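Encoded as structure tokens, the structure appears first; notes follow it.
Each value in this text was obtained by applying a stated rule to the coordinates, not by laboratory testing. In this text the structure is predicted, and so the values were computed from the model without any measurement. No Cβ is skipped: glycine too gets one built from the backbone with ideal geometry, and neighbour counts run over all protein chains shown.
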């Protein structure tokens, strides 16, 4: 998969590297600001205290 992405990025190696870094940062931002907040209420980790 990564080789496919690398082959389809335009430009020389330096441009590909910059574009790959931007792509990784965009995916991380999408996960942190959209996907994880949407998923948070559905996860069972909200109750962290032990009850009797």
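I need a count of the residues in the range 5-52 that are on the phi < 0 side of the Ramachandran plot and more than 18 Å from the chain's Cα centre (by Cα). Outline the logic, then answer.
In the first step, residues of the range 5-52 are kept if they are on the phi < 0 side of the Ramachandran plot; the result is 5-10, 12-52.
Now narrow it down to the ones that are more than 18 Å from the chain's Cα centre (by Cα): 7-10, 12-16, 41-52.
Adding up the residues that qualify gives 21.
Where in the chain are there helices (runs of 4 or more DSSP H), lying fully within it, with 1 or more residues that are in contact (Cβ under 8 Å) with a residue 12 or more places away in the chain?
Values: elements: 2-8, 13-30, 36-39.
By residue number, 2-8, 13-30.
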